[in-house]
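Remarks on the structure that follows.
The values are calculated or read from the model by the stated rules, or taken from the named source; none is laboratory data. These figures come from a predicted structure and were not determined experimentally. Every residue, glycine among them, receives a Cβ derived from its backbone with ideal geometry; neighbour counts consider all protein chains shown.
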Amino acid sequence: MRPFYIAVLFVASSTLMSTLALAQGRGSLAEAQATYKQDRAACMRGEGGQDRATCLKEAAAALQEAKRGGLTGNRSEYERNRLARCDQQPAADREECVRRMNEGTTTGSVQGGGVLRELRTTAPAR
């Protein structure tokens, strides 16, 4: 009798885990579809930074990749990547780099050829 209960417990826990994974996937799919709709609308308004056909193709490709689980909206990963740029700076400049990433102003765009981050600080007179 005991192996029967273990088997039932195993099946029940497997079913629960599958259901939770499926529910999480649906949430991600809904987010991906919402992002696609926003991207598509931006393309139709001419705000995509490229011609309409290319913009729509890129939006569709991003949706497809999100469906396969290839795109993640993990903000902590984005934050790590953003601050990793500062690791390449000389030690004397690293703190200012981190401040520039967190506190500075940002102008430009990737589509426009580059992003400029600026932080103005006042240095004491020497």
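Structure above, values below:
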{"quantity": "Residue within region 72-82 that is modelled with pLDDT of 65 or more, surrounded by 12 or more Cβ atoms within 10 Å (Cβ to Cβ) and out of contact with any Phe, Trp or Tyr (no Cβ under 7 Å at 6 or more places or on another chain) present", "calculated": "yes"}
{"quantity": "Qualifying residues in region 26-42 (those that are more than 24 Å from Thr54 (Cβ to Cβ) and surrounded by 13 or more Cβ atoms within 10 Å (Cβ to Cβ)) - the one modelled with the lowest pLDDT", "calculated": "Ser28"}
